[in-house]
1. Tell me, SER64, SER20 in order of fewest to most beta-carbon neighbours within 10 Å?
2. Pull out a ≥ b ≥ c, the square roots of the eigenvalues of the alpha-carbon gyration tensor of the stretch 55-115, then state rounded if a/c is under 1.5, prolate if not and a/b is larger than b/c, and oblate in the remaining case.
3. So how do 138-148, 115-125, 46-56, 97-107 stack up, highest first, on mean other-Cβ count within 10 Å?
4. Could you check the simple spin-label distance between LYS60 and SER95, using points 7 Å along Cα→Cβ, in nm with one decimal?
5. Under a point spin-label approximation (7 Å from Cα along Cα-to-Cβ), what is the ASP81-LYS17 distance to one decimal in nm?
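Derivation of every value follows stated rules applied to the coordinates shown; laboratory data play no part. What you are looking at is a predicted structure, and each value in this text was computed from that prediction instead of being measured. With ideal geometry, Cβ positions are generated from the backbone for all residues, glycine too; neighbour counts draw on all protein chains shown.
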Amino acid sequence: MLKEEKIKQEINGKDKKEYSLQELIDKCNKSKKEYPYENTQDKYKDDEIWKTDPDRIRNKYEVSNYGRVKLNGEILKQIPDEKNTDWLVLEKYPSVYVYVLVAEAWLEKPEKNGWQRHHIDNDGFNNKPENLIYVQAEDHWKIHHPDSSVS
């Protein structure tokens, strides 16, 4: 039986939401890879907001509410990771995952260890802040393996 406590999604400067573990499982299983990915480095959005992770000392990436990334004023191209094509990385810096930058800049970070970033709709190309949430490692396993008794 899944625990009933809610998992909080806290986006800095936006409304906070709560999900049950079952809701996250349902969302993850329902909408796999439906988000049409566009590498929008040249498009300008009127309502685009840029934030920087205040904890980063080096490489002050700016990250938008559309999941776009800038460094030194240049919008960086994103490509699928060669090792795991389910996630986007920066073309110039292929070890930098876009979803990590977005979560660090936009989401409220849990204080304790053991948290992992999760794409709510299970689409690693949809890196908008509202599609990311921090979950405990055990819960993350359950979301992706709901029929498994192993955690």
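1. Details: SER64 22, SER20 14.
By the 10 Å Cβ count, ascending, the order reads SER20, SER64.
2. On the way: a/c = 1.87, a/b = 1.22, b/c = 1.53.
Verdict is oblate for the stretch 55-115.
3. Numbers: 138-148: 15.5, 115-125: 19.5, 46-56: 11.8, 97-107: 21.7.
Order by mean packing, descending: 97-107, 115-125, 138-148, 46-56.
4. Label at LYS60, label at SER95, 2.3 nm between them.
5. 2.3
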